[in-house]
Each structure stands twice: as structure tokens, then as C-alpha cells.
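Reviewing the structure listed below.
The values are calculated or read from the model by the stated rules, or taken from the named source; none is laboratory data. Source: prediction; values computed, not measured. Methodologically, a virtual Cβ is constructed for each residue, glycine included, from the backbone with ideal geometry; neighbour enumeration extends over all protein chains shown. Ligands, DNA and RNA are stripped out before the accessible areas are found, and what is left, the full protein with its side chains, is counted by its heavy atoms. Shrake-Rupley method; radii C 1.70, N 1.55, O 1.52, S 1.80 Å.
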Amino acid sequence: MLYPAGVRAAVIPAIAALCGALASVASAESLQPSGWDRGVALAVAPDLNPDPHVVEVNIDARVAAVEIAPGERVDAWTYNGGIPGPLIRVRVGDRLVVHFSNHLPEPTTMHWHGIRVPIQMDGVPDVSQPPVPTGGTFTYDFVVPDAGLYWYHPHVMSAAQVGFGLYGALLVEDPNDPVAVSDQTVLVLSDIALDGKGGFEPPDSGGTTGMAFGREGNHLLVNGRERPRLVARAGAPQRWRVVNAAKSRFFQLELEGQPFTRIGGDGGLLEYPVQLEALVLAPGERADVIVAPTGAPGSDIVVRAYPFNRGFGSVEYRSVEDLMTVSIAEAAPHTGAPPPATKRTIEPTSTDGATNVAIEFTMGQRENGAFEYGINGVPFAKNHPVTARPGETQIWTITNKTKWSHPFHLHGFFFQVLDDKGRPVHPLEWKDTVNVPFDQTVRLVVHYDDRPGSWMFHCHVLDHADGGLMGMLDLGLPSSTHSGHSLHQGQ
Ligand code: C2O
Ligand code: CU
């Protein structure tokens, strides 16, 4: 403004230090140029309810033309007309009411990935609710118990429906959030498989071989846009809340060698932050990261997606892809101290008296040669549920006997990951999705509260789930009530 550059550089840290001190009182002022995240910002679902503790939104699933890059349009399956669907924002402890209507040509549901909902709200067709037919409606209504970034997607033919564009983010904020970074944006990563003729690749392309691998899209998207642009003031921290909503693709991100400080994961903040040069997210996982991009004013740095080895044929002939541009603003660099490390007390889940569950991810072939995934050799349609009682703690040992990695996701409950000696992995964090790499074993501990029902677990490579890599956890149900799950093909 009126100050020469040198004076401005000296004054700004002083102001920033002051803002830092006030951060716990009021949310600190932005350190970024105005409109810094305009190139990516998601539409927010308007809250129709004046009660400050109730968020009420309308979500309409419908086919709509979307433009993922200039001139690149496709008739997608959308929530409220966009890819991704609108950002739903609530505060921890709020009641969320979603008036859902289905104007798609097929039945669908909404699943609230990672939220500890009652079973009736879990969105699994014929288990927690009937599928919502074309023209039908359903009201999702639940309290949101944990802060963090979550997401929503259908649970009917999920590989196809997510692949056509049905996913969105749900941000649960904590009014006492300790993170002293005022500039925050939500980034939904995904990909989409276009045929170059204005339509989608068929969701069954490549037959069961395509299923066995997991079909990836050919356009990488951040908040539904190809290579969008974010503006950054050099050195000023930004908080990115990231979810991998792709149906098969793992994202391995790098920021031209600049670090990511990971402060949170699936279920809110970590025990303590970790610094990363590459941020890896399996499908379904979330990350809460702080970045402070630096560079010459007016220059660009690029967030790139590196091929990630998720098994046979996943890195050969793959190239690095540009995902998002970060343009360094012409403003004076920020020189304040980095935000203090956030700490969170997380109790390790006690394994005393825990029961053991051992499962194997397997692949077989039917008589006709078609590939089929299974749990302990049995595909979903025929497998028996894992059973548990409310109040029980279980240690799951998950061994992957296949050639591809599988992000294991459990509905309804958080777990903690254990090392191979059964000790908790630090920093402690609450997870609902964890990658089980090919040829490896992952252990986790889960304690069940009192929400009886049939809870699903599955690989979040959705082609794999539809190809048999799913199972059921029956919590607090008399075993005789279990009727098998030869329900809808491809939940
Ligand atoms: Cu996001 Cu059944 O999952
Ligand atoms: Cu898988």
C-alpha cells in the first residue's frame, strides 16, 4: 500500500504474530490474496434450517451436462448438477438432515463414508434401506459425532455410479479447532473415463480383467476441474482438506519437492503432525495437510500426481500428471513463524480381551474363466458375515493374497492400525480406510459401540468391491437372522 516494500516486509510479520496470538479467540485473518481459492472452491449446499445446530440441505441426483475443462463436456451423473456434489458443511454435534431425491435412470442411495451413523442411515441397499428408485426420495437424518473431512457417494452399482460423477465432500468442523491456519480449502480428487466422443467409457470395459485391475479414468480432476489454479502468497500457510473420491486410482502427490505437513487423516487430527515429501491417498482416504508454497512472485509451481505402485501393471508406461497449478502471488512473501504443531490426545484402543478375526483377500476364477475377488476364497454373494457383540474389541488381520493393493474400508466404525507386533502405529489416528498392499498383511483394532446392524466392509477400489471383495460385519444380531447377501449385484 503506502509503505515501501522493506517496511511492509517488517510490519507484516508483526501483524501476523498478533493474529497468531488471537487465533484462539477469533479465526485469524487471511494471509492469502483475496480470491486465492476461487479457481477450485466448491459450491456449498445452502443450509435451509435457521436452527444453529441443525443443517438441512436438499440433494437431488440427476443427469446434468458438466464441463471438466474448456470445451470438454459430458452428461454426468451428479448431485445438484455438479461434479463433485456440493460441499456439505456442519459443525461437530450438529444434526444433519438431507432431503434426497433421485432423478437418475437407476436406483441409488447415499452412503456417508466415515460417519458413525445409525445403521438405518448407512445407505446400503436392502441392508439399511431399500434402494431409492427413480423418482423416489429418502430423508437422511443423523447427528454428526466427529470432526473431520468425510464424503458421500452411492452404494448401488457403486463403481459405475461413482465413475459417472456421484461423490461429494462433507466437512465437519470443530468450533474449538486448534489449527492456527486461517486459509482452508477442500480438495476432492477424482478421475473420470471419457471416450473422447462426448460420453463415458463403459463401466465394464475390459471385462473381468478390467475389474481385476480396477478401472481408472483418463482425466484427473480436482473439484471436478482439470488442472485448476490456486493462488498462494509465498510462505503463507494454507490448509488443504483432501479426499480421494476416485473409484480405483491412488493419488501420490508432490509439490515440486516442497513439504506437506500432514496434521489429520480420516477421522480428524493425528496425535502429532508428520512431514511428507509425497502425500499418498488410497481411494476413500482423507488427509488434512498444511502447505506453505514458496517461489518467485508470479511463478507457478505444480502439484503433480506420480504413478503409485498398487500392483501388477500399475506403473509401467505411466507418466507423471499435472494435477493443479499453484500460482505464487505478486504479494510480499509471508515471513511469520510456521503454525505451531497441533497435538491431539488419542488413547490407543486396548487390545485386552480382544477377539481375533483373520481374513484373506483372494482372487479366483469361475468356470467360464471370469475373474472374481473373494474373502477367504468366497465372493461376497456367498460369504458368511463376521459377527461381533456391542462392546467387543476385535483385532482384524487382513492378508492380501492377490496381485493388487486393496484399500480396506469398514462402515460405521473407526479403527486404529497396529504394527506386526500388535502395537499401535504412531502417530495414532482414527481411520476408516487403510490400504492393504499386495502380498502384505495389515492389522487393525476396532472397538464396537452399541449400534447393532449389518455393517459392510469392502475394498474401496469400487470395481474390486463389485467384483466380490466385500463382506458383512453383523454386530449384535442373532446369527439366525442372517439371510445371506445375494442382494443387489454390485452394491
Ligand atoms: Cu465409501 Cu462402502 O464406502
Ligand atoms: Cu481392491
Going residue by residue through segment 234-256, is there one that turns out to be among the charged types (D, E, K, R), in contact with a helix residue (DSSP H, G or I) (Cβ under 8 Å, 6 or more places away or on another chain) and closer than 17 Å to V188 by Cβ? yes
Condition check for V445: touching a residue at least 24 places away in the same chain (Cβ under 8 Å), under 20 Å from A212 (Cα atoms), open to solvent by less than 10 Å² (accessible area, probe 1.4 Å) and more than 16 Å from the chain's Cα centre (by Cα): no
Exactly one of (1) open to solvent by 10 Å² or more (accessible area, probe 1.4 Å); (2) under 22 Å from the mean Cα position of the chain (by Cα); (3) within 16 Å of ligand 2 (Cβ to nearest atom) is unmet by G206. Its number? (2)
Condition (residue is part of a loop (DSSP other than H, G, I, E, B) and under 30 Å from L475 (Cα atoms)) applied to segment 319-328: is it met by at least one residue? no
Grab the strands (runs of 3 or more DSSP E) fully contained in segment 400-458, keeping just those with 1 or more residues being within 19 Å of E271 (Cα to Cα). 416-418, 433-436, 441-447
Quick check: is even one residue across segment 129-151 within 16 Å of ligand 2 (Cβ to nearest atom) and either more than 30 Å from K343 (Cβ to Cβ) or small (G, A, S) (or both)? no
State whether the residues of segment 307-317 include one that is in contact (Cβ under 8 Å) with a residue 40 or more places away in the chain, within 19 Å of the chain's Cα centre (by Cα) and closer than 24 Å to R116 by Cβ. no
Of all residues in segment 329-361, which are touching a Gly at 6+ places or on another chain (Cβ under 9 Å) and in a strand (DSSP E or B)? I359, E360, F361
Residue check, D60 open to solvent by 20 Å² or more (accessible area, probe 1.4 Å) and either in contact with a Ser or Thr (Cβ under 8 Å, 6 or more places away or on another chain) or not in a loop (DSSP other than H, G, I, E, B) (or both): yes
Considering residues of segment 388-400 that are open to solvent by 20 Å² or more (accessible area, probe 1.4 Å) and in contact (Cβ under 8 Å) with a residue 60 or more places away in the chain only, the residue farthest from R366 (Cα to Cα): P390
Just to verify a result, which residue in segment 341-387, among those that are among the basic types (K, R) and more than 20 Å from F213 (Cβ to Cβ), is least open to solvent (accessible area, probe 1.4 Å)? R344
I want to confirm something. Restricting to segment 64-101 and keeping residues that are free of Cβ contacts under 8 Å to residues at least 60 places away in the same chain and within 16 Å of V156 (Cα to Cα), which single residue is least open to solvent (accessible area, probe 1.4 Å)? F100
Quick one: what pairs do we get from segment 355-377, first residue on the phi > 0 side of the Ramachandran plot and among the polar types (S, T, N, Q), second in a strand (DSSP E or B) and away from ligand 2 (no atom under 16 Å from the Cβ), C-beta under 9 Å, 6+ apart or different chains? N376/A358
Across segment 370-387, what is the total count of residues that are within 16 Å of ligand 2 (Cβ to nearest atom) and in a loop (DSSP other than H, G, I, E, B)? 4
What residue, of A76, A64, is under 17 Å from A245 (Cβ atoms), of a type in the set (A, V, I, L, M) and away from ligand 1 (no atom under 16 Å from the Cβ)? A76
For Y140, only one of the following conditions fails: (1) touching a helix residue (DSSP H, G or I) at 6+ places or on another chain (Cβ under 6 Å); (2) open to solvent by 10 Å² or more (accessible area, probe 1.4 Å); (3) more than 30 Å from G311 (Cβ to Cβ). What is its number? (2)
Unique match (being of a type in the set (A, V, I, L, M), more than 19 Å from the chain's Cα centre (by Cα) and open to solvent by 20 Å² or more (accessible area, probe 1.4 Å)) among L104, L31, L42: L31
